[in-house]
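Structure below; questions to follow.
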Amino acid sequence: MIAGVVGKTHVGKSTFFSAATLAPAKIGQVPFTTIEPNRGIASIRVKCVCQELGVKDEPRNSVCVNGIRWVPVELVDVAGLVPDAHKGRGLGNKFLDDLRQADGFIQIVDAAGCTDANGNMCEPGARDPIDDVRFLEYEVTMWMLQILKKEWDRIVKGVLQLKEDPLALLSDRLTGLMITKKHILTVMKSDDVLGKRIDQWSEDDLRLFVERLRRASKPMVIAANKIDLPTAEGNIERLRAEFKDFSVVPCSAEAELALRLAAKKGLISYMAGDSEFRVLKDSELTEKQRGALKRIERLLSRWGNTGVQEAVEAVYKRELKMIPVFPVEDAGKFTDHKGSVLPDVFLVQEGTTARGLAYKIHTDLGEGFLYAVNARTGQKIGEDYILKERDIIKIVSAKGLKG
């Protein structure tokens, strides 16, 4: 699963991306600083099973700190969006094409209202961040609608004349947008407007379908950035009131990036998402750095954290509904074939089956799946067993892996 860091230009997208991943990204003071998408790895925190089991784990694909696993996830930071991007304005075509791969969005919004619709600087409070959220939703919906409409006549003909399955036809057309049959079926079942045959849909019906499909297939978190500016606080409350179905997370990407870089240099003790930090090398700090840390300290006291880690975790845990499971090969010792204890943790979507986990580990394990074992209970479970958060699972397959 990939989360796209999105938003209009000059709202702090690349700063947020760098703060979350510590990957280099070009950060500038003009629109369209980001042209090619930046890719990086962030981490989300999940409770490990090591302390519960009383074992010392040996993580391989993650890091365990005091019983918390930091599990890697992928972020992509794409070019900024401007009004009428779906018509090709600005870098619209490229931005939208880069979004195809994203399973969910973190929309970075200038909560202080100091960037206009085109990403140019303006007086703080002059721009309504609610309009920014609405415009991004509109642009993505119109882009998806254009893609679907290009084949709409063929889809309708297939349903009416060839008696083809509308679900299959829609899925074939939309698969490149990471939209699945499950997404389409969910929308078609839940929307009264779509009780009609698709050949009877009006233009408004089709647009409503696409809008619902966008929400189902591209869930979004709103990262209300620039909380260090005084005009942000009131706007955050307005954003929460207007978008009750979204997670609205107050953020300061600049503060998080400063803390992460200072920690990397050993100047402070800080972990992403912490509510405080501790200075380790005060004598090596400049007066400017001390002043910046004092301001960040006040910000943390007011908001609890910088919000960056919280926003990343919100999109993966809450919106994409990812849960951690721990595959092992020895269900008694909780080890792999090399004897490493709890070496891996996998993030899977809620509803994933034991066989689905087998396929995620390796195709051969999925194809040769015989049964699985719940390592906590020793109980044998079948391929349709629905995985639960922090399950410890052994896969038994006719096609065992070596090496």
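The values are calculated or read from the model by the stated rules, or taken from the named source; none is laboratory data. Please read all numbers here as calculations on a predicted model, not as lab measurements. Positions of Cβ are backbone-derived with ideal geometry, glycine not excepted, and every protein chain shown enters the neighbour counts.
What's the total number of residues in the stretch 305-360 that are out of contact with any Pro (no Cβ under 8 Å at 6 or more places or on another chain) and assigned to a helix (DSSP H, G or I)?
So the count comes out to 16.
Could you check, for the stretch 361-370, whether at least one of its residues is more than 18 Å from Asp274 (Cα to Cα) and assigned to a loop (DSSP other than H, G, I, E, B)?
For the stretch 361-370, residues more than 18 Å from Asp274 (Cα to Cα) and assigned to a loop (DSSP other than H, G, I, E, B): present.
Another question, if that's okay. Can you confirm whether Ile155 is more than 30 Å from Ala111 (Cβ to Cβ), β-branched (Val, Ile, Thr) and more than 30 Å from the chain's Cα centre (by Cα)?
So Ile155 fits the description; yes.
Listed here are the residues, each with its yes/no results for (1) more than 21 Å from Ser14 (Cβ to Cβ); (2) surrounded by 16 or more Cβ atoms within 10 Å (Cβ to Cβ).
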| residue | (1), (2) |
| --- | --- |
| Pro219 | yes, yes |
| Asn225 | no, yes |
| Lys244 | yes, no |
| Ser247 | yes, yes |
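Also: Could you please tell me which pairs satisfy a Cβ distance under 7 Å, a separation of 6+ or placement on different chains, a first residue in the stretch 197-226 that is within 17 Å of Ser171 (Cβ to Cβ) and assigned by TED's automatic domain parsing to the domain that holds Ala102, and a second residue that is at pLDDT 90 or above and aromatic (Phe, Trp, Tyr)?
Lys218/Phe105
What number goes with the only condition from (1) within 22 Å of the chain's Cα centre (by Cα); (2) surrounded by fewer than 16 Cβ atoms within 10 Å (Cβ to Cβ); (3) at pLDDT below 70 that Phe95 does not pass?
The one condition Phe95 does not meet is (2).
Another question, if that's okay. When Gly339 is evaluated against the numbered criteria (1) out of contact with any helix residue (DSSP H, G or I) (no Cβ under 9 Å at 6 or more places or on another chain); (2) small (Gly, Ala, Ser); (3) crowded, with 20+ Cβ neighbours inside 10 Å, which criterion, by number, is the only one it fails?
Looking at each condition in turn, Gly339 falls short on (3).
Is it the case that the stretch 278-293 has a residue that's within 22 Å of Ser43 (Cα to Cα), crowded, with 18+ Cβ neighbours inside 10 Å and hydrophobic (A, V, I, L, M, F, W, C)?
Within the stretch 278-293, not a single residue is within 22 Å of Ser43 (Cα to Cα), crowded, with 18+ Cβ neighbours inside 10 Å and hydrophobic (A, V, I, L, M, F, W, C).
Can you say whether Ile179 is in contact with a Phe, Trp or Tyr (Cβ under 6 Å, 6 or more places away or on another chain), among the hydrophobic types (A, V, I, L, M, F, W, C) and either surrounded by 19 or more Cβ atoms within 10 Å (Cβ to Cβ) or at pLDDT 90 or above (or both), as far as the supplied structure shows?
no
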